[in-house]
Amino acid sequence: MTTIAAEPQPITVDLARAALVIIDMQRDFLEPGGFGETLGNDIGLLKAAVGPCQATLAAARDAGVLVMHTREGHRPDLSDAPKAKVERGEPSLRIGAPGPMGRILIRGEPGHDIIPELAPLAGEPVIDKPGKGAFYQTDLELMLRNRGIDTLFVCGVTTEVCVNTTVREANDRGYRCVVIADACASYFPEFHAAGLAMIKAQGGIFGWVSQSSAVVEAMAA
Ligand code: TIU
């Protein structure tokens, strides 16, 4: 058991029953010409999370902590993409349209891949999800249950969208979530801050918020 500095209070974790879940660190969100940029966002704001994600990923691998990666995206025929999601807003390219990294947010296209800095190793589960939450229409919960996982370290992008949605889903399913603040990022710094504040408010209404340095230290101990 290891105790990790976190807010609203430290959390004691059995690392054998913990998993690091890295949310959607895909080229489509972090690189030019992908889904995030077509929505009108400044993708440069997400870069801040890469180094802390790398450090946490390395520590988890060294400690033998289960690592899972998620990717948001859809089937090439868009049969799993709700019409409301595809048609809403005024993006420069819609989901499924051809862009510089292939079709926007489509599985198998270069833009859908996880960024090279955080490439999954063979054997690390990659969860392809059609929605914002990593539990919706995926086998994530089944894999966590089969491995006896009770605590999730969660990082990735974006803080208030896929990270928050996943943490809320996990909380309702009985998992303890430790969100790694500096290993998350948003296109909106104010939403990043609010997204983290909402998790740890009210005595940790959805979970805990920590820092990559604290999680790395605990995993290295
Ligand atoms: N647009 C935005 O902030 N996020 C997403 O669409 N997906 C994720 O957060 N992964």
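The values are calculated or read from the model by the stated rules, or taken from the named source; none is laboratory data. Keep in mind that what you see is a predicted model, and the values were worked out from it rather than measured. Cβ placement follows ideal geometry from the backbone for every residue including glycine, while neighbour counts extend to all protein chains displayed. Calculation scope for accessible area: heavy atoms of the full protein, side chains included, ligands and nucleic acids excluded. Shrake-Rupley method; radii C 1.70, N 1.55, O 1.52, S 1.80 Å.
Here are some notes:
- Springs between Cα atoms under 10 Å define the GNM used for the chain, and in it the highest mean-square fluctuation of VAL86, VAL179, VAL167 occurs at VAL86.
- Acute angle (nearest 10 degrees) that the helix 50-63 long axis makes with the longest principal axis of the chain, alpha-carbon atoms: 50
- Hits among lysines - C-alpha to C-alpha of LYS200 under 29 Å, sequence gap 8 or more where chains match: LYS47, LYS129, LYS132
- Accessible area per residue, Å², the chain with all protein chains present, probe 1.4 Å: 43
- Size of charge dipole - the chain - debye, nearest 20, with Cβ of Lys, Arg +1 and Asp, Glu -1, no other charges: 400
- Local net charge near LEU30, Cβ-Cβ under 10 Å (Lys/Arg +1, Asp/Glu -1): -3
- Average Cα contact separation per residue, the chain, under 8 Å, 6 or more apart, as relative contact order %: 28
- Surface accessible to a 1.4 Å probe, HIS192 within the full protein complex, Å²: 40
- Taking the 1.4 Å solvent-accessible surface of region 7-98 as the whole, the part contributed by carbon and sulfur is 52%.
- Since only ALA97, LEU121, THR56 are under comparison, the one whose Cα sits farthest along the positive direction of the charge dipole of region 47-121, derived from C-beta charges on Lys, Arg, Asp and Glu, is ALA97.
- Helix-only [θ]222 nm of the chain, DSSP H runs n ≥ 4, -39500 (n - 2.57) each, per residue, nearest 500: -8500 deg cm²/dmol
- Across region 172-221, the relative contact order, built from alpha-carbon pairs under 8 Å that are at least six residues apart, equals 43 percent.
- Across LYS200, LYS85, LYS129, the residue with the most accessible area heads the list, and the full order at a 1.4 Å probe is LYS200, LYS85, LYS129.
- Built amide H within the under 5 Å cut-off of MET25, gap 5+: THR70, VAL157
- Protein accessible area in region 158-221, 1.4 Å probe - carbon and sulfur %: 58
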